[in-house]
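Working notes, structure below.
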Amino acid sequence: MTREELEQIANTERQSQASTAQKLNVCVAAGCLSCQSQTVKEVLEKGVARRGLGERCAVKGVGCMGLCSEGALVSVDQNILYKRVLPADATDMLDALEAGRPPVERLVCPTNTPFFQRQKKIVLENSGVIDPERIEEYIAACGYTALVEALTELTPAEVIEQVTRSGLRGRGGAGYPTGLKWSTVAKAVGTQKFVICNADEGDPGAFMDRSVLESDPHRVLEGMLIAAYAVGASEGYIYVRAEYPLAIKRLKIAIRQAEKLGLLGSNICGTRFNFRVDLRLGAGAFVCGEETALIASIEGKRGAPRPRPPYPAMEGLLGEPTLINNVETFANIPPILRNGGEWFAAIGTEKSKGTKVFALAGRVQNTGLVEVPMGITLREMVFQIGGGVPDGKNFKAVQTGGPSGGCLPAECLDMPVDYESLARAGSIMGSGGMIIMDETSCMVDVAKYFMDFCMTESCGKCVPCRVGTYQMHRLLETITQLQAAPKDLALLEELCDLVKHTSLCGLGQSAPNPVLSTLRYFAEEYKAHIERNQCVAGVCGQEVHV
Amino acid sequence: MTASANVKTFQINGRDYSARAEETILEVARQNGIFIPRLCELEGLSTVGACRLCLVEVKGSNRLLASCVTRVEEGMEVTTNSERLERYRRGIVELLFTERNHVCSVCVSNGHCELQFLSQKLDITHIHYPYRFPKAEVDASHGRFVIDHNRCILCNRCVRVCDEIEGAHTWDVMGRGIDARVITDLNQPWGTSDTCTSCGKCVHVCPTGALFEKGRSVAEMEKRRNFLPYLQLMRGDQNG
Amino acid sequence: MAKKRMATVWLDGCSGCHMSFLDIDERLLTLAEIADLVYSPLVDAKVFPENVDVTLVEGAVSSEEDLHKIQMVRERTTVLVSLGDCAVTANVPGMRNPFSTKAVYERAYRENVTLNPGVPNEGVPRLLPQARPIHEFVTVDVFVPGCPPSADTIFYVVSELLAGRTPQVGSHTRFGA
Ligand SMILES: Cc1cc2nc3c(=O)[nH]c(=O)nc-3n(C[C@H](O)[C@H](O)[C@H](O)COP(=O)(O)O)c2cc1C
Ligand code: SF4
Ligand code: SF4
Ligand code: SF4
Ligand code: FES
């Protein structure tokens, strides 16, 4: 594959797309699929065929459009968005289209709202636009040009230079500088090197990575290929959880297509660069998202973390230098190479560059997937993009970072969303889960929920996490049953400190965060439970009889 | 590499020491009579860093490091004892006592148990976290040995010795978190294991009374470990 | 100086700790010079008195009666000592804890009985769901593990406490000692 050949594929595809005047894009990512979008697509296709509109109108399946709570979503020519479309609505939609009438009013979803306008799409630029199962569409959207350019015009060091300059930091949770990680692996000595894409995505409620893989799998492959070239790896793995069958299917299709075009395999683009990618399916253990556990799992061992150092960059898969990055991290790479590191570094804040994809959930008007520039305030996230708290209720807290993160109160709303600010406030960026809570949530109960998650997902290898999460959960249970004494709170705080500072891996080290942050901002609620047997939110204490 | 480049000089508790680059802080401390508590580490087995008792402070690192898996480095300044470390170590040992059912007074290992020893060494006179009192099994199906899960602390030594020294890999771990437990073969009674060679190594590396020989009564189970360095040496020779 | 007031209490334990206390032998006389034993299974008093300086408690809290007793003892004692593993860890009495009280009753009063099997419903205090260490119910000032703690340990602890000092228990005894 040369640059010219790539250009040719892109042009052919663009021409064929241009030949149909109207485009009906039906979201066929998991969210909308669960709202019958596949049937919607088929009915639309049949309708178009029956009405003989095939010449001027093309129906295609695309990836996620973001507003998952309003599925099934269908867009017409990228400017009209239909929401909550059912198969029965196809007739009305096609009638309007055929007659050139204004769109069907009851289905129209306004797109001039902050939910759409405040977003900035880099990772998701193709999501909801291209058919994820056709490599030609990815190529027509400038896909693989970054790879070809890197292979033919840049040295590995120059590639890393661009990534370093971009300021990109790992999107898997910890925010480690990607360029630095790449250069460490590049310098490490080994008989062989590996690149691993972490698509385990275990945070409850998070689905950013799944969406990227379902909507634009080639972007991740291209990112991995560029990384492999930069660090000198010839083999790669995508570790994806088995609960993501659609992502797996599309990845498999993408890999086959890329191989067929010579973009994966041996002598890629006629150079001496070889790269093979295999999928490995995770069985759904949260801890297997931790890099050393993930590597153990790929090696066929029990998925338990091991102490670092040595870091995977030095001794990873099979003891060889291994680059491991998150899906979204890789997805950022092609645009960075296409537009240059400086372009990326111009977006975001001083230390947190670019955009971040969030899965917005909980008590807000609009839930779904959004991509926003780093540095946007929590207030904008909740009240503009999220559309505020529904049913006239009051905002209480926003939870970021999932089970490793924390709950931030209204005082923090004007804080910018970046790695440092969130950490300073006692939470973390995490992988991008964002759950909004109103006054009907009890913060102790929320802390207990996350502790329950950590306790169940602890691998059981190290003592503080294995037994400490159990003990903390028990104490939280006692508090939410309104049966705790003041000394229980002291024990809880003591255990938080112990588990945070002595656990082996990030799971245990961050398991106390939801408790610590709620203790920090909602201490009054704990006190009310313990001293006055009272739960202001009215959640705790009631015996639930099933 | 020259011999001298391979030697690191560093400080433990303010005193100078030197050691080979591949040695861990715990090994060096042991050689020099500095006590660091440990339960998962055992000379002759690979290290897993699981019990977290050997945590030490290293100047310049904001995290505590498990000394059993941390190699010495030039200029390192290690503290093996501080009020904070003591507190954490006590907390960890106490958590272990709450996890299963340790009834030292009627235990085969009473007086010879590493967990019990540490409780006294760390001046633990009671457990201030609530006990769990779980239901745990005892498997006495093997002809010569018994595993009593009530006393297992999941140090993983049995798993490692069986795999790394005996080469049988009879033992493994199943389950997650608080439900994790050691199993023989595919979680079948030990007595029906096809892989167990009845060598007894697991019994003797076990730090507690979880693994013991049949016929031993209270306080009668003393563990013999001298085979470990010996076997290690033999292996080393064979491997050239 | 006024004599100190001392007591011993027996909850769910085997009386071994009390035996070990008696094993102090002639040193009991030394203790008697500085303290009166105002309540104990070893003496006649029927009611636990007020204003006790030091109380040694043997045994876990296993029944409603134990719970009631320990709360009263706590109220009336200045220095409360958990004496022995049963008091400190629940030890052997705690071995029933993984089972339901129903199963325990069945085992004790039916399965292992040949004469008049049947669970008594009077005269025997009701079991709590689990036998648990004293400090999970009331504040304990000094812990003396051991099954039983040796006479020397007990003598050391008691003399220190009666002299108004804090004993260094850890170097004298341990769980299961
Ligand atoms: C308990 C635990 C779970 C994790 N789960 C994930 C995950 O699902 N996906 C992910 O990309 N990183 C996860 N991580 C972070 C990885 O260990 C690793 O830091 C990351 O994959 C590195 O990629 P990045 O530098 O691109 O962020 C997890 C870490 C921990 C401690
Ligand atoms: S912190 Fe938890 S998940 Fe991590 S190694 Fe320890 S037990 Fe396993
Ligand atoms: S294993 Fe050790 S700590 Fe546990 S009961 Fe036996 S002697 Fe006590
Ligand atoms: S049986 Fe013994 S050696 Fe094996 S994990 Fe348990 S405590 Fe460790
Ligand atoms: S001895 Fe180091 S962690 Fe157990």
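Structural remarks
- Among the candidates B:V103, B:V161, B:V108, the residue that is away from ligand 1 (no atom under 16 Å from the Cβ), touching a strand residue (DSSP E or B) at 6+ places or on another chain (Cβ under 8 Å) and at pLDDT 95 or above is uniquely B:V108.
- Yes/no for B:R71 being within 16 Å of ligand 1 (Cβ to nearest atom) and over 16 Å from the mean Cα position of the chain (by Cα): no
- Residue within region B:158-169 that is within 16 Å of ligand 5 (Cβ to nearest atom), in a loop (DSSP other than H, G, I, E, B) and of a type outside the set (D, E, K, R) present: no
- Residue that is away from ligand 1 (no atom under 16 Å from the Cβ) and touching a Ser or Thr at 6+ places or on another chain (Cβ under 9 Å), where the choices are A:E136, A:E149: A:E136
- Residue selection: B:L96 satisfies the criterion of being within 14 Å of ligand 5 (Cβ to nearest atom), part of a helix (DSSP H, G or I), facing another protein chain (nearest Cβ under 8 Å) and at pLDDT 95 or above.
- Remark: pairs (first residue in region A:167-186, without any contact (Cβ under 8 Å) to a residue 12 or more places away in the chain; second residue more than 16 Å from ligand 3 (Cβ to nearest atom); Cβ separation under 7 Å; 6+ apart in sequence or on different chains) = A:Y176/A:R169; A:Y176/A:G170.
- Just so you know, in region B:112-127 the residues that are more than 15 Å from ligand 4 (Cβ to nearest atom) and surrounded by fewer than 17 Cβ atoms within 10 Å (Cβ to Cβ) include one that is nearest to the other protein chains (Cβ to nearest Cβ), and it is B:D123.
- Taken together, the residues in region A:447-484 that are out of contact with any helix residue (DSSP H, G or I) (no Cβ under 7 Å at 6 or more places or on another chain) and either of a type in the set (A, V, I, L, M, F, W, C) or more than 16 Å from ligand 1 (Cβ to nearest atom) (or both) amount to 4.
- Filter result for A:G202 (in contact with a strand residue (DSSP E or B) (Cβ under 8 Å, 6 or more places away or on another chain), within 8 Å of ligand 1 (Cβ to nearest atom) and within 14 Å of chain B (Cβ to nearest Cβ)): yes
- First in region C:125-141 and under 19 Å from C:S100 (Cβ atoms) and at pLDDT 95 or above, second anywhere and part of a loop (DSSP other than H, G, I, E, B) and not hydroxyl-bearing (S, T, Y), Cβ under 6 Å, 6 or more apart: C:Q130/C:N97; C:A131/C:A90; C:R132/C:A90
- Among residues of region A:293-313, those that are more than 11 Å from chain B (Cβ to nearest Cβ) and within 24 Å of B:L65 (Cβ to Cβ), counted: 7
- Hits in region A:200-217 (condition: at negative phi and among the small types (G, A, S)): A:G202, A:A206, A:S211, A:S215
- Subset of region A:441-490 (residues that are within 7 Å of chain B (Cβ to nearest Cβ), aliphatic (A, V, I, L, M) and either assigned to a loop (DSSP other than H, G, I, E, B) or farther than 26 Å from A:V398 by Cα (or both)): A:V463, A:V467
- Any hit, region A:264-283, residues being within 16 Å of ligand 1 (Cβ to nearest atom), surrounded by fewer than 23 Cβ atoms within 10 Å (Cβ to Cβ) and at pLDDT below 95: yes
- Of all residues in region B:28-50 being in a helix (DSSP H, G or I) and surrounded by fewer than 20 Cβ atoms within 10 Å (Cβ to Cβ), the one that is nearest to ligand 4 (Cβ to nearest atom): B:R30
- Restricting region A:298-329 to residues that are closer than 15 Å to A:V195 by Cα and in contact with a Cys (Cβ under 7 Å, 6 or more places away or on another chain) leaves a set whose member that is farthest from ligand 5 (Cβ to nearest atom) is A:V327.
- Residue list for region B:32-80, filter: within 14 Å of chain A (Cβ to nearest Cβ), among the polar types (S, T, N, Q) and within 14 Å of ligand 5 (Cβ to nearest atom): B:S46, B:T47, B:S67, B:T70
- Qualifying residues in region A:38-86 (those that are of a type in the set (G, A, S) and farther than 19 Å from A:A361 by Cα) - the one surrounded by the fewest Cβ atoms within 10 Å (Cβ to Cβ): A:G52
The rows are residues; the columns are (1) more than 14 Å from chain B (Cβ to nearest Cβ); (2) surrounded by fewer than 18 Cβ atoms within 10 Å (Cβ to Cβ); (3) not in a loop (DSSP other than H, G, I, E, B).
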| residue | (1), (2), (3) |
| --- | --- |
| C:A108 | yes, yes, yes |
| C:G118 | yes, yes, no |
| C:P125 | yes, yes, no |
| C:L128 | no, no, yes |
| C:A131 | no, no, yes |
| C:T139 | no, yes, no |
| C:G146 | no, no, no |
| C:T153 | no, no, yes |
| C:H172 | no, no, no |
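- Residue count for region C:90-104 under the criterion of being within 10 Å of chain B (Cβ to nearest Cβ) and without any contact (Cβ under 8 Å) to a residue 24 or more places away in the chain: the result is 3.
- Pairs where the first residue, in region B:133-158, is on the phi > 0 side of the Ramachandran plot and assigned by TED's automatic domain parsing to the domain that holds B:R216 and the second is away from ligand 2 (no atom under 16 Å from the Cβ) and not aliphatic (A, V, I, L, M), C-beta under 6 Å, 6+ apart: B:F133/C:N97; B:F133/C:P98
- B:R63 over 27 Å from B:E137 (Cα atoms) and away from ligand 1 (no atom under 16 Å from the Cβ): no
- One residue from B:Y131, B:Y88 being crowded, with 19+ Cβ neighbours inside 10 Å, in contact with a His (Cβ under 8 Å, 6 or more places away or on another chain) and at the interface with another protein chain (Cβ under 8 Å from one of its Cβ atoms): B:Y88
- The listed residues are A:C68, A:C57, and the only one of them that is of a type outside the set (V, I, T), within 24 Å of the chain's Cα centre (by Cα) and under 21 Å from A:I130 (Cβ atoms) turns out to be A:C68.
The values are calculated or read from the model by the stated rules, or taken from the named source; none is laboratory data. Just so it is clear, the structure is predicted and the values come from calculations on it, not from any experiment. Cβ atoms come from the backbone with ideal geometry, glycine included; neighbour counts cover every protein chain shown.
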